[in-house]
Structure formats: C-alpha cells, structure tokens
1. Consider Ile2 carefully, then state whether it is closer than 24 Å to Leu163 by Cβ and in a helix (DSSP H, G or I).
2. Filter segment 270-328 down to the residues that are of a type in the set (Ser, Thr, Tyr) and closer than 24 Å to Ile370 by Cα and list them by number.
3. Taking the condition buried (at least 20 other Cβ atoms within 10 Å of the Cβ), at pLDDT 85 or above and in contact with an Asp or Glu (Cβ under 8 Å, 6 or more places away or on another chain), does Val310 pass?
4. Taking interchain pairs and intrachain pairs at least six residues apart, which have beta carbon atoms under 7 angstrom, with the first residue in segment 1-28 and closer than 23 Å to Ala53 by Cβ and the second of a type in the set (Phe, Trp, Tyr)?
5. Out of segment 86-101, which residues are assigned to a helix (DSSP H, G or I) and within 14 Å of Ser57 (Cα to Cα)?
6. Could you look through segment 172-185, keep only residues that are small (Gly, Ala, Ser) and free of Cβ contacts under 8 Å to residues at least 24 places away in the same chain, and pick out the one that is farthest from Asp279 (Cα to Cα)?
7. Considering only segment 13-30, state which residues are over 19 Å from Leu56 (Cα atoms) and either at pLDDT 85 or above or not in a loop (DSSP other than H, G, I, E, B) (or both).
8. Could you say whether any residue in segment 291-300 is of a type outside the set (Lys, Arg) and surrounded by 18 or more Cβ atoms within 10 Å (Cβ to Cβ)?
Amino acid sequence: MIRILSRRQLTVDAAIAVVLLLARSVLGYDTYVVFWVAVGMAVALLVRRLSPAVALSVAWCTVAVQLASGSPPDVANVAILPVLYATGAYGPRLVCWLGLASVPVGAAVATVYVLILQSGGLDNLAGLVLQVRTGEAFQPGAPGVIGFTSALALFGLSWALGLLASTWGKARAGSAALLAAEAEQAAALREVAVEQERTRIARDMHDVVAHSLAVVIAQADGGRYARAANPEAADEAFRTIATTAREALGDVRVLLRQLRSKDTAGPQPTMEDLDRLVDQLRAAGLTIERADEGQPVRLGSGQQLAIYRVVQESLTNVLRHGDSSESVIIRFTWTDTAVEFAVASGLRSPRTSLTGPPGHGLDGMRERAILAGGTFDAGVRGDRFVVRVSLPVVTGGATPV
C-alpha cells in the first residue's frame with residue numbers, strides 16, 4: 001500500500017537517504033557490494049514512510065546480498081532501525097506483524113553472521129557448530145548471547161517505538177474526530193433552537209397580520225356604510241384603520257428583522273457527502289464497510305439529510321460507546337418505493353447506553369427518521385448493535401445518489 005505524503009515529508013526522506021550515501025562515501029567503497037548495500041539501505045530509508053512494506057522488502061534483500069557476498073557489517077545497516085520503526089508506525093496490520101517477526105529473525109541472522117566472520121569465516125564453521133552442540137555458545141556472557149540480546153533489544157525497541165507512535169496518533173485522531181462530531185452536533189442543536197424560534201416568530205406574524213387585517217376589514221366596511229349617514233363615524237373608522245395598519249407594519253418589520261439573519265443558511269449534507277464522512281471516521285481509527293443492494297434511486301433533500309445525520313450519529317456513537325476494533329457495516333437496500341439502511345457495530349459492553357443529552361443519541365435519530373416519513377429501530381442483535389431505518393422514496397430537488 002502506497003501512503004500519500006506531503007512534499008515536505010518526501011523532501012525530508014530524500015534528504016536523509018542522500019545524507020546516508022554521502023556519509024558512507026566518506027569512508028570509501030572497498031567493493032561494489034559495499035556500494036550497492038549502501039544504495040539499498042538508502043532506498044529503504046527513502047520509501048520507509050511511503051510504503052513500509054517495500055522498505056522492509058528492500059532492506060531484507062539488501063541484507064541477503066550482503067550475507068551472500070560475505071561482506072562484513074556496514075554502517076549503512078543502521079538504516080534497518082528506522083525501517084523497523086516505520087513498519088510499526090505506518091504499516092498496515094500485516095506489515096506491522098512482519099516487522100515484529102523481523103526483530104528476532106534479524107537479530108539471530110546478524111548474530112550468527114558476526115560469529116561466523118569472527119571465527120574466520122565458513123572454513124572454521126565446524127568450531128562454531130561444536131560450541132552450539134555443547135551448549136557453550138549459549139552460556140551467560142558468551143559473545144553469541146550478548147550479541148543476540150543486544151540486537152534483539154535494539155531492533156525490538158525501534159519497532160515498539162513505531163507502534164507506540166501509531167497508537168498515539170490514532171488516539172489523537174480519534175479524539176479530534178470525536179470533538180469535531182460533538183461540535184457539529186452542538187451546532188445542529190443550535191440550528192434546531194433557531195428553527196424553533198423561527199416557528200414561533202411565524203406564528204406571531206400570523207397572529208399579528210390576521211388580527212390587524214380583520215380589524216382593517218371590519219372598520220373599512222363600517223366606514224363605507226356610515227359615510228353618508230354619519231361622516232364623523234366614518235372618519236373615526238378610517239383613523240382606526242390607519243392606526244391599526246401602522247402598528248401591524250411595525251410589528252411585521254420587527255419580526256422580519258429577526259428572520260432575516262437566517263435567510264442565507266448554507267447547503268445541507270446529501271448522500272454525496274457520505275463518503276467524506278466515512279473517510280473522516282476511518283481516519284479516526286474505525287474500520288467501515290459499505291454495501292448496497294438494489295439500484296440506488298433519486299431521493300428528496302429531506303430523505304438525504306435524514307440518512308446522513310443518522311449515519312453520522314451512529315458512527316459517532318461507535319467511537320464513543322462501541323468497540324472500535326470491530327468492523328462497522330453500513331448496508332443500503334434500495335427498492336422503487338423505499339430505501340432501508342442499517343449500521344451494525346461491535347459492542348464494548350452489553351449495557352452500554354447510546355443515549356445522550358436531549359437532541360443526541362437514539363432519540364435524535366428516531367426524530368429525524370420520523371420527520372422524513374420513515375421508521376426507526378435500534379437494539380442489540382446477537383453480538384452487534386444495529387440501527388435500522390426505512391424511508392419512503394420521495395423525489396424532488398435531489399440529485400442521483
């Protein structure tokens with residue numbers, strides 16, 4: 001797997017590889033093998049963050065060439081340490097475990113190779129084999145024991161530091177995603193409060209306008225009939241009309257000013273934004289799979305918004321309350337008349353509650369589904385917590401999903 005790095009990261013890695021080659025060139029290259037060993041280790045350094053799997057493979061191939069040629073250990077071999085760090089810090093699970101396996105294997109290979117060189121090469125291998133058979137090679141304080149222990153500690157520490165950095169980074173990303181989700185939920189709560197206030201204002205406007213127009217109509221009719229018989233009564237009716245209209249106009253202007261600040265609200269999330277949402281939660285450490293059954297159809301904006309918010313709340317709840325090490329499965333089932341989707345996640349504890357403050361959790365998801373004309377169900381199914389929503393297909397103002 002190739003990771004995406006910034007230009008700065010690529011530049012730093014290239015500079016480190018060049019520094020290794022320049023530092024090794026100061027000592028000189030006695031043979032072509034020594035030169036190619038330095039080049040191989042520099043390449044492993046260059047790609048260690050871009051692709052830890054490739055870096056580990058290049059490092060092992062370089063060491064194999066070095067062993068086959070009988071070349072002694074070289075200062076360029078120090079590049080093995082950052083490569084092991086990279087497998088723990090940046091590699092996927094398989095590469096991470098391969099890096100861990102390389103720790104004892106690499107320590108054993110390095111120890112045996114050094115002992116062979118110290119004993120005079122393969123010609124004196126019989127003496128080394130004899131030490132192994134008699135157990136002398138494994139005595140405390142023996143060169144082989146000291147060498148293996150030292151190499152194992154050095155390689156293992158490099159890999160462990162990488163794994164620690166990876167765990168810390170995922171924890172930070174998870175916390176950041178959780179904070180962002182909570183901030184978005186708080187913003188949604190504020191929007192709900194504003195919409196409730198707008199509804200109140202609309203009711204007030206209806207009352208003001210309806211009452212004022214009723215008075216105006218009654219006074220206008222009375223003034224028209226009384227104009228011939230009683231001009232003073234007609235004048236009084238017209239004054240009442242003017243006063244009532246002015247008061248109503250003032251009240252309406254006040255209400256309109258309160259509404260005007262929200263007239264330019266931004267676009268609401270749609271189905272097209274689900275991929276971005278899933279990518280954000282994957283970056284926080286969740287493993288998310290999506291499956292679609294049937295042919296996706298056009299949905300109205302209300303249905304798209306309900307789906308987005310329910311999926312968002314469900315995934316956020318997995319981060320806060322569920323088992324984030326288990327895969328989260330989002331499954332959509334499409335028909336001509338309805339769309340049903342379910343979010344299934346692992347359970348951290350059978351008694352974990354996914355409810356939260358008012359407007360959050362299951363209550364908020366249920367309300368959104370009902371407002372969109374659908375049904376909502378949530379609960380434990382076996383060893384999974386499943387949120388299931390069914391919405392009718394209502395078209396209009398939507399783009400194809």
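1. Values: closer than 24 Å to Leu163 by Cβ: yes; in a helix (DSSP H, G or I): no.
No.
2. Within segment 270-328, Thr270, Ser301, Tyr308, Ser314, Thr316 meet the criteria.
3. Numbers: buried (at least 20 other Cβ atoms within 10 Å of the Cβ): yes; at pLDDT 85 or above: yes; in contact with an Asp or Glu (Cβ under 8 Å, 6 or more places away or on another chain): no.
Here the answer is no, as Val310 does not meet what is asked.
4. Correct list of pairs: Arg3/Tyr90.
5. Of all residues in segment 86-101, those assigned to a helix (DSSP H, G or I) come to 86-89, 93-101.
Correct list: Ala86, Thr87, Leu94, Val95, Cys96, Trp97, Leu98, Gly99, Leu100, Ala101.
6. The first filter runs over segment 172-185 and keeps only residues small (Gly, Ala, Ser), leaving 173-177, 180-181, 183.
Now narrow it down to the ones that are free of Cβ contacts under 8 Å to residues at least 24 places away in the same chain: 175, 183.
Values: Ser175: 15, Ala183: 18 Å.
The residue in question is Ala183.
7. Step one: filter segment 13-30 for residues over 19 Å from Leu56 (Cα atoms), giving 15, 19, 22-30.
Scanning segment 13-30 gives Ala15, Val19, Leu22, Ala23, Arg24, Ser25, Val26, Leu27.
8. Scanning segment 291-300, I find at least one residue that is of a type outside the set (Lys, Arg) and surrounded by 18 or more Cβ atoms within 10 Å (Cβ to Cβ), so the answer is yes.
The values are calculated or read from the model by the stated rules, or taken from the named source; none is laboratory data. All figures in this text were calculated on a predicted structure; none of them were measured in a lab. Backbone-built Cβ (ideal geometry, glycine too); neighbour counts: all protein chains shown.
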